[in-house]
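Visitor: Quick one: this structure, given as structure tokens, is what I'll be asking you about.
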Amino acid sequence: MNIIICPACGKENDGVRECTRCGCELSILEMISRTAEQELFMGKESLVNGDIPAAMHHTGKSWHLKKSPEAARLAFLSALAAGDFEQAGRWYVRTGEIGALC
């Protein structure tokens, strides 16, 4: 299960449909998070199999559902593999690792 942070009160919840503090509905957020992970997995599989357009598509979908550093990293690698260095630069900034170069 994913830890879902309640948007209403900020409490971390693990594997529950409602926030244990305030009762906010969390199952929709859980579905979004799970779908983002599935898209990320499909993006990884596509990149490994050399299907760069599919990798970019799936990682983009994952990013739009859940803005995770993992999705940004995979999108960065996919853009590099496609030779789209401008897009790769935009994805690199989203990884949160820009300070590592400074």
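Visitor: Can you tell me how much longer the chain between ASP84 and LYS67 gets when fully stretched, taken as 0.36 nm per residue apart minus their C-alpha distance, in nm with one decimal?
Guide: Fully extending the segment from ASP84 to LYS67 adds 4.0 nm.
Visitor: Please state the charge dipole magnitude for the chain, taken about the Cα centre, from unit charges on C-beta atoms (+1 on K and R, -1 on D and E), reported in debye and rounded to the nearest 20. Intermediate values should be presented prior to the final figure.
Guide: Details: 11 positive and 13 negative charges, 41 e Å.
For this selection, approximately 200 debye.
Visitor: Could you give the angle, 0 to 90 degrees to the nearest 10, between helix 69-82's Cα long axis and the longest principal axis of the Cα atoms of the chain?
Guide: Between the helix axis and the principal axis of the chain, the angle is about 20 degrees.
Visitor: Taking the number of other C-beta atoms within 10 Å as the exposure measure, put LEU29, LEU47, LEU74, LEU40 in order starting with the fewest. Intermediate values should be presented prior to the final figure.
Guide: On the way: LEU29 17, LEU47 20, LEU74 27, LEU40 23.
Least crowded to most crowded, the residues run LEU29, LEU47, LEU40, LEU74.
Visitor: Right, next: Mind checking which of LEU74, CYS9, HIS58 is farthest towards the positive end of the chain's charge dipole, using Cβ charges of +1 (Lys, Arg) and -1 (Asp, Glu) about the Cα centre?
Guide: The listed residue farthest towards the positive side: CYS9.
Visitor: What ranking of MET56, MET31 emerges when the number of other C-beta atoms within 10 Å of each C-beta is taken as an exposure proxy, fewest first? Before the final figure, lay out each step's value.
Guide: On the way: MET56 23, MET31 11.
Going from sparsest to densest Cβ surroundings: MET31, MET56.
Visitor: Further question on the same structure: What ranking do ARG94, ARG34, ARG17 get, fewest neighbouring Cβ atoms within 10 angstrom at the top?
Guide: Going from least to most buried by this count: ARG17, ARG34, ARG94.
Visitor: Looking at the stretch 17-102, which GluC sites (Glu not before Pro) are in a loop (DSSP not H, G, I, E or B) and have at most 13 other Cβ atoms within 10 Å?
Guide: In loop regions of the stretch 17-102 (DSSP not H, G, I, E or B), the sparsely surrounded GluC sites (Glu not before Pro) are GLU97.
Values in this text are rule-based calculations from the coordinates and carry no lab data. A quick note: this is a predicted structure, and the numbers were derived from the prediction, not measured. Backbone-built Cβ (ideal geometry, glycine too); neighbour counts: all protein chains shown.
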